[in-house]
1. Among the numbered conditions (1) modelled with pLDDT of 75 or more; (2) open to solvent by 60 Å² or more (accessible area, probe 1.4 Å), tell me where residue 171 comes up short.
2. Identify, from the list 132, 153, the residue that is assigned to a helix (DSSP H, G or I) and open to solvent by 60 Å² or more (accessible area, probe 1.4 Å).
3. Tell me, please, whether a residue that is among the β-branched types (Val, Ile, Thr), farther than 29 Å from residue 231 by Cβ and open to solvent by less than 10 Å² (accessible area, probe 1.4 Å) can be found in region 100-110.
4. Can you name the residue in region 245-267 that is open to solvent by 10 Å² or more (accessible area, probe 1.4 Å) and within 16 Å of the chain's Cα centre (by Cα) and, of all such residues, is nearest to residue 193 (Cα to Cα)?
5. What are the residue pairs meeting all of these: first residue in region 9-33, first residue in a helix (DSSP H, G or I), second residue open to solvent by less than 60 Å² (accessible area, probe 1.4 Å) and among the charged types (D, E, K, R), Cβ atoms under 9 Å, and 6 or more apart or on different chains?
6. Given the criteria in contact with a Ser or Thr (Cβ under 8 Å, 6 or more places away or on another chain), part of a helix (DSSP H, G or I) and within 14 Å of residue 278 (Cβ to Cβ), does residue 56 qualify?
7. Here is a check on your reading of the model: is residue 81 at pLDDT 80 or above, part of a helix (DSSP H, G or I) and not β-branched (Val, Ile, Thr)?
8. Hey, any hits in region 269-289 for a residue that's of a type in the set (A, V, I, L, M), modelled with pLDDT of 90 or more, closer than 21 Å to residue 146 by Cβ and surrounded by 20 or more Cβ atoms within 10 Å (Cβ to Cβ)?
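The values are calculated or read from the model by the stated rules, or taken from the named source; none is laboratory data. Only a predicted model underlies this, so the values are computations on that prediction, with no experimental measurement involved. Cβ sites come from the backbone with ideal geometry, for glycine too, and all protein chains shown count toward neighbours. Keep in mind that these areas ignore ligands, DNA and RNA; they rest on the heavy atoms of the full protein, side chains included. Shrake-Rupley method; radii C 1.70, N 1.55, O 1.52, S 1.80 Å.
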Amino acid sequence: MVQDLYILMITAAVVSIVFKLLKQPVVLGYIVAGVLVGPYLFGQTLVNADNVKAWGDIGVLFVLFCIGLEFRLKNLISSGKIAAVGALTIILGMMLMGYLVGWDAGFDMVNSLFLAGMLCMSSTTIVMKAIDEAGMKNERFVKGATSILIVEDVVAVVLMVLLSSIAIRHQFEGAELAGKVVDLAITLAAWFICGILIIPTLIRKVKKHLNDETLIILALGLCLGMVLTAEEAGFSSALGAFVMGSILAETVESHRIEKLMTPLKNVFAAIFFISVGMLINPSSLAEYWMSIVYVSLVIIIGMILFGTLGCWWGGATMRDSMLTSFSFVQIGEFSFIIAGLGTSLGVLNPIIYPIIVASSVVTTFLTPYIMKAALPCYRFLYNHASASLRAKIDRREQETAAAETATAADGPSIADKARHAVRKTFFLKRLVDLFIRNMSAHEDKAE
């Protein structure tokens with residue numbers, strides 16, 4: 001086991017340094033490292049595949065937990081219409097295109113649905129990294145883009161639950177799936193209500209006793225506890241990790257937890273991407289290169305088209321809509337997770353996995369270059385648009401600027417006031433005080 005970790009870490013470190021020198025995302029380096037240590041390139045694997053898979057599964061939990069920590073209801077509410085309409089348009093549009101691609105390739109319904117799920121999610125990690133490296137972190141479109149990515153992550157977790165149900169039964173039963181969605185919604189509501197009522201207040205009460213070591217242990221314990229709860233309730237472990245991250249995002253220590261989790265997440269996420277690379281057979285990439293190009297073009301064209309339309313319909317300016325959509329032209333973490341889910345359930349056609357991974361590599365590599373084309377394309381569209389469309393674009397720009405000015409002059413949001421009222425609830429304060437008093441009494445007796 002130690003030898004496996006040694007080989008993984010050294011290989012990943014060397015390859016990621018090379019990719020950094022080439023100014024490419026390190027995620028690609030991890031996937032290439034997986035190919036190097038995998039069983040296909042040299043005829044035998046250099047590491048124990050079972051160990052790597054187990055560590056990779058833990059990596060998925062940590063990645064989703066950290067994504068949950070970035071989930072802010074306040075930011076999501078402030079970008080509500082853009083986030084909802086934009087994400088819904090992208091997801092439905094890309095799922096339709098993905099399903100049609102699967103149907104055209106002769107896949108059955110289950111495989112076509114899994115392919116559709118893989119193509120409808122952009123990579124939160126890669127998008128944020130590309131925006132940061134492009135020096136656009138303070139651009140206006142970033143807030144809406146981040147909110148859309150958050151909604152996509154939430155939908156992806158729900159989609160995994162639904163795809164698991166379909167995969168097990170190999171058929172689409174509308175009434176049963178509707179019941180599953182209702183059960184999931186009720187369960188999520190109960191978890192969030194109980195969690196947000198108790199955990200944030202409890203952590204605020206014991207904040208002075210939480211050093212970095214205690215805080216990270218507490219956060220991981222809560223995460224794994226919710227993972228077990230989700231599994232007992234019949235849902236995926238990924239859902240539990242995401243939910244607990246979302247609950248802790250509402251605490252006063254959320255940024256501190258996120259900072260403490262980052263090194264741990266990076267290590268296990270790297271192992272996860274290496275495990276993805278280990279499943280790639282280079283010879284199959286050469287065999288299916290036309291399919292890889294085809295899927296990559298579907299991703300790029302579809303994301304630009306549906307992303308621009310969704311953001312525009314959601315109320316964003318045309319400039320912001322195109323900047324957002326041109327940054328979404330890749331697939332990433334959740335695509336691999338969904339592909340891994342299909343593989344573990346034994347329902348995914350083995351051809352799909354290498355094509356999806358290779359398409360992700362291609363689109364991730366092209367993302368920075370496509371982003372640079374967003375503003376030139378916007379100027380081309382504006383200069384060649386009809387007079388009526390140009391007037392709409394100008395009017396939307398003026399309305400957005402006026403709304404920003406009005407928002408800056410407003411006081412606390414409705415969501416902030418509601419959270420404040422809940423925190424000050426007499427019942428909640430008494431419940432937490434009683435809990436802490438009992439803990440103190442127990443400690444005194446122990447002494």
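1. With respect to (1) modelled with pLDDT of 75 or more; (2) open to solvent by 60 Å² or more (accessible area, probe 1.4 Å), residue 171 is out only on (1).
2. The conditions single out 132.
3. Checked against the condition, which is being among the β-branched types (Val, Ile, Thr), farther than 29 Å from residue 231 by Cβ and open to solvent by less than 10 Å² (accessible area, probe 1.4 Å), region 100-110 yields no hits at all.
4. Among residues in region 245-267 that are open to solvent by 10 Å² or more (accessible area, probe 1.4 Å) and within 16 Å of the chain's Cα centre (by Cα), the one nearest to residue 193 (Cα to Cα) is 258.
5. Pairs that qualify, where the first residue is in a helix (DSSP H, G or I) and the partner is open to solvent by less than 60 Å² (accessible area, probe 1.4 Å) and among the charged types (D, E, K, R), are 27/333.
6. yes
7. Against the criterion (at pLDDT 80 or above, part of a helix (DSSP H, G or I) and not β-branched (Val, Ile, Thr)), residue 81 qualifies.
8. Scanning region 269-289 turns up no residue that is of a type in the set (A, V, I, L, M), modelled with pLDDT of 90 or more, closer than 21 Å to residue 146 by Cβ and surrounded by 20 or more Cβ atoms within 10 Å (Cβ to Cβ).
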